[in-house]
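Have a look at the structure below, then the notes.
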Amino acid sequence: MTQKPAPALAGLRVLDVATLFAGPLAATLLGDFGAEVIKVEHPRGDPARTHGASKDGVGLWWKMLARNKKAVTLYLGSPRGQEIFRAMVADADVVIENFRPGTLERWGLGYDELSAINPGLVLARVTGFGQFGPYAKRPGFGTLAEAMSGFAAVTGEPDGPPTLPPFGLADGVSALTTAFGIMTALRAREATGRGQVLDLAIIEPMLTLLGPQLTMYDQLGTLQPRTGNRSTNNAPRNTYRCADGSWVAVSTSAQSIAERVMDLVGRPDLARQPWFASGATRAEHADELDEAVGGWIAERSRADVLSEFEKAQAAVAPIYTAADILADPQFTALGSVVELPDEELGSVKIQNVPFRLSETPGHIARTGPKLGQHTAEVLARYGVGKSELDSLRAEGVL
């Protein structure tokens, strides 16, 4: 019988001392693939525990964000807390933090001190504006990054205000980037034997997603306008209401797909127009194309629209709510959502790991833990026994 390989990141130890979303989600992704992630929280708890919806006083976002983690409480502002943390750093591979620049240094926990203890340590510092520059000391959140990156300026209806996403987009993009940065630093450590500092400013990863906007302004002096659901690069591209009141989204980034859509909706004449030959010139005729596509869709139920588009091999998707996602056969086939037992809620459905590896797949073993659930277990490794645990709790260190 072939022995099952160990998880891809087995043996990697991560100390997650960040709060809220970007840093902690990066740690979550590492934990999904076998890293031991120790969530180090202030004794009051990470604010993410009470952020957003809750059930019976239990935060629901936390159950996803802290999955696969071990929860330890420790006040890093106290001398004994700092001493214990240094001991934890000695056998860690990664520390993820998001304090304002200078905070760790003020506590005697800057990279110079930590790398002296553990030269192989990777310190990931995730802040709104980075570790230096005129804005470095400002508090920074994903919303500010969505505003400053140029994202909000191009999002929304042409005659409406700039629009922000109703979820943590910049934090999520930064989390993915941080996880990639950490793995890059760990790969470099294999060659050099030394760790390093990863400085991630949440305002920067969003820039990468905005494509050619900066270069377009640099070279042409033009700014991308707000176009609602339309694109300046192709058409038809929009959301359309079906006869039953549900919605679908249509994309025609490929010329052949655009031609199939026009054949399907009974307007092959439009596909023969000279301006139909490129996405950019099609976008100049978006009103006419939307009228043809939207009118055809408005006369049919969503099920019929999806069926006809599939037969025509044209690109369409239903606009889903969470309820639709849980019922969809493609998400079910991929295992995109998992149901896990939970001590506080009985069972919880959460998103699965975001990609599949054929040999060392990720796995979610448990949902987000209770506050301090693993403090005794973890700190016992560093010589903190029961009597000291009790006294440190009384002093507010744990």
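The values are calculated or read from the model by the stated rules, or taken from the named source; none is laboratory data. Just so you know, these numbers come straight off a predicted model, no measurement behind them. Cβ placement follows ideal geometry from the backbone for every residue including glycine, while neighbour counts extend to all protein chains displayed. Areas reflect the complete protein model, heavy atoms only, side chains present, ligands, DNA and RNA absent. Shrake-Rupley method; radii C 1.70, N 1.55, O 1.52, S 1.80 Å.
List of remarks:
- Within segment 1-50, the set of residues being of a type in the set (D, E, K, R) and either buried (at least 18 other Cβ atoms within 10 Å of the Cβ) or in contact (Cβ under 8 Å) with a residue 24 or more places away in the chain (or both) comprises 13, 16, 32, 36, 39, 41, 46, 49.
- Matching entry among 323, 303, 333, 317 (being open to solvent by 40 Å² or more (accessible area, probe 1.4 Å), touching a strand residue (DSSP E or B) at 6+ places or on another chain (Cβ under 8 Å), modelled with pLDDT of 95 or more and not in a loop (DSSP other than H, G, I, E, B)): 317
A quick yes/no check of all residues on (1) touching a Phe, Trp or Tyr at 6+ places or on another chain (Cβ under 6 Å); (2) at pLDDT 95 or above; (3) of a type in the set (A, V, I, L, M, F, W, C):
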residue: 37; (1), (2), (3): no, yes, yes
residue: 49; (1), (2), (3): yes, yes, no
residue: 61; (1), (2), (3): no, yes, yes
residue: 68; (1), (2), (3): no, yes, no
residue: 77; (1), (2), (3): no, yes, no
residue: 83; (1), (2), (3): no, yes, no
residue: 97; (1), (2), (3): no, yes, no
residue: 116; (1), (2), (3): no, yes, yes
residue: 132; (1), (2), (3): no, yes, yes
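- Residue within segment 114-137 that is among the hydroxyl-bearing types (Ser, Thr, Tyr), in contact with a strand residue (DSSP E or B) (Cβ under 6 Å, 6 or more places away or on another chain), part of a helix (DSSP H, G or I) and open to solvent by less than 50 Å² (accessible area, probe 1.4 Å) present: no
- Matching entry among 20, 15 (being of a type in the set (A, V, I, L, M, F, W, C), farther than 18 Å from residue 348 by Cβ and at pLDDT below 95): 20
- Considering segment 236-295, and only residues there that are among the polar types (S, T, N, Q) and in a loop (DSSP other than H, G, I, E, B), the residue that is farthest from residue 315 (Cα to Cα) turns out to be 273.
- Among (1) closer than 30 Å to residue 229 by Cα; (2) part of a loop (DSSP other than H, G, I, E, B) - the single one residue 153 does not satisfy: (2)
- Residue pairs whose Cβ atoms lie under 6 Å apart, sitting 6 or more positions apart in sequence or on different chains, and linking a residue in segment 180-200 that is free of Cβ contacts under 8 Å to residues at least 24 places away in the same chain to a partner that is outside any loop (DSSP other than H, G, I, E, B), do not occur here.
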